[in-house]
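I have placed the structure first, in the form of structure tokens, so that the comments after it can refer back to it.
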Amino acid sequence: MAANPDVSWLLLTEQPVPDAPPNVAVQLCEFADLAKRIRSHFEFQISLERPYKLCDFRPAFGEIFADELTGYDFWGHSDLDLVFGRIRGHLPAAAFEADKILFNGNFSLYRNTAETAGWYRHEVGKVSYRDAMTNPAAMHFDERAGIYYIVEDLGAPAWHEDVIFDISFRRYRTRAEVPPGRDPRRYAWEGGEVCEYRLERGRPVRRTALLIHLQKRVLRAPALDVLTAERYWILPNGFAVQARVTPWSVRAARIPRGQELLPFYVRRAQRWRRRRATRQSAAAGRTTVQV
């Protein structure tokens, strides 16, 4: 975030954040207090018992946090399991001509107007903000299972391109969710840019993105040498200082230790069971989510 000084963040958290960069405002807030604020915004009883459920309330943040958003042209939301590259460098001028930028739950932007702040109240088909906010399950209302259909039905101008490295959680090795080819990729942060390396004819090929989304992965906390480095590798289970980029460094993913590999596949099995339950609920008409 510090490498994007022209972007402002508001971080509501129970944990102190020492030495936060000047463009990151930290507001200490217990989850119960935040839930109380959100509940007071609606005239019906909402379901907000755990932090993960906050995702379904994101499209309403334009109204809920209207005071904090005063003076900004756009507002947005992001996940925490990611590393930013150069944000504005991957959003062209055409993106800011739209009222909605990207439909990813991990990072999306809205034009800061009263009209866009109230989009979420528009109901289309099975997509209903009341259903999303009263169901205790994660309904993915902030992305393609919800706000996407609303914006499409309203005919509002939107911009969405492939500018994010969404890393698959189905395999331990790091590779994008839907890349061309099936070879593992090597990812890095280099002086403010998030980079992906792959080999073509034995030579490293580099491309960059707005961010890398390390969804559902548990990574070891970075050591001090990583935190102070200008370049570091983003590994399947942690981070390491990048000395140089060679065909071998791209090809050789770090071999995981057994105690790290086993929990990864245990969590994968647990997610599979949850996704199966969600599919069964969708088939029975109890949710609009399709997985």
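The values are calculated or read from the model by the stated rules, or taken from the named source; none is laboratory data. Quantities reported herein were computed from a predicted structural model and do not represent experimental measurements. Because the Cβ atoms are built from the backbone with ideal geometry, glycine has one as well, and the counts that use them run over all protein chains shown. Protein only, heavy atoms only, side chains kept; ligands, DNA and RNA dropped before computing areas. Shrake-Rupley method; radii C 1.70, N 1.55, O 1.52, S 1.80 Å.
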Discussion item. Please go through (1) in contact (Cβ under 8 Å) with a residue 24 or more places away in the chain; (2) aliphatic (A, V, I, L, M); (3) farther than 17 Å from ILE164 by Cα for ALA221 and return the number of the only condition it doesn't satisfy.
Written reply: (1)
Worksheet item: touching a helix residue (DSSP H, G or I) at 6+ places or on another chain (Cβ under 7 Å), over 20 Å from GLY285 (Cα atoms) and surrounded by fewer than 21 Cβ atoms within 10 Å (Cβ to Cβ): does that describe PHE107?
Response: no
Discussion item. So SER47 ticks every box in (1) small (Gly, Ala, Ser); (2) touching a Ser or Thr at 6+ places or on another chain (Cβ under 8 Å); (3) open to solvent by 40 Å² or more (accessible area, probe 1.4 Å) but one. Which box is left unticked?
Written reply: (3)
Worksheet, complete the sentence: The correct count of residues that are farther than 19 Å from PHE165 by Cβ, touching a residue at least 12 places away in the same chain (Cβ under 8 Å) and either open to solvent by 40 Å² or more (accessible area, probe 1.4 Å) or of a type in the set (S, T, N, Q) (or both) in region 224-241 is 3
Worksheet entry | All strands (runs of 3 or more DSSP E) inside region 149-223 with 2 or more residues being farther than 29 Å from VAL266 by Cα | 193-200, 203-209
